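Written below as structure tokens is the structure these notes are about.
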Amino acid sequence: MRLKFTALAALAAIMALTVTALASGGGMPNMPGMSHSHAQTASASDLRSLLDRQLGQHAVLAMNATNAGVKGSKAFPAAAKALDQNSVALSKTIASVYGAKAGNTFLNGKYMWRAHIKFFVDYTVATAKGNKAGQAKAVANLKTYTVKFGDFLATATKLPKPAVQADLLAHVLGLKGQLDAFAHGQYGKAATLYTNAYDHMFMTGDLLATAIAKQYPDKFPAK
């Protein structure tokens, strides 16, 4: 019964991603300087703080959702919805720098942001069922994501592709390791990995913010 519920909850979460994409217009913090019309007033530190916060929230919300999903918790659909709202907020931050088309690609492109969340849902369902083949397929998709999405981010930010891909892989493996530990009842290990995955997102945020500020020094001046 628990496994059946988990599979149904996963499906509900995937559906929630689509519904939220159509219905949600929020998620972006109302921070002065991040809109197109006032972007020049945002500092490099403002951008770094915003990306650090949004990416940190992503890690927390993703782990909350997969932990709930693998245990068949009724909280799973709500956690998945909150995770997608964060995804929309991140896409708006990207759009505020690189334009609406880039923001949409970031969010909805093949092997892009929402896709990697779906792959984690796939891994969660497979883990709950003990489906090794399903787990392997999800991991393979996540690894492809680190390459494809890494190429997208590196091209936009002018960062070296290997560095971006390695950072994304560390993120993917961190969340996977946390879920594996939680699913096996290794809660102390899971808690440590939870903190590590959250902390890693600040490294990612700093990396991206520094590159963007370097590209657009007039838009994001140092203070």
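Here are the numbers:
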| item | result |
| --- | --- |
| Contact order normalised by residue count of the range 53-146, Cα under 8 Å, 6+ apart, percent | 22 percent |
| Selection from F182, A170, A154 lying farthest towards where the dipole of the range 132-223 points positive, charges on Cβ | A154 |
| Proximal lysines to K219, defined as alpha-carbon separation beneath 22 angstrom and excluding residues fewer than eight positions away on the same chain | K92, K101, K158 |
| The range 150-198, accessible surface, carbon-and-sulfur percent (1.4 angstrom probe) | 65 percent |
| Percent of Cα-Cα distances greater than 18 Å, calculated over the range 94-150 | 40 percent |
| Rounded to the nearest 20 debye, dipole of the range 102-223 from Cβ charges on Lys, Arg, Asp, Glu | 320 debye |
| Cross-link partners of K143 among aspartates and glutamates (Cα-Cα below 14 Å; sequence separation of 8 or more within a chain) | D122, D151, D167 |
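The values are calculated or read from the model by the stated rules, or taken from the named source; none is laboratory data. The structure displayed is predicted, hence computed values, not measured ones. Positions of Cβ are backbone-derived with ideal geometry, glycine not excepted, and every protein chain shown enters the neighbour counts. Each accessible area value is taken on the protein alone, full model and side chains, heavy atoms only, with ligands, DNA and RNA left out. Shrake-Rupley method; radii C 1.70, N 1.55, O 1.52, S 1.80 Å.
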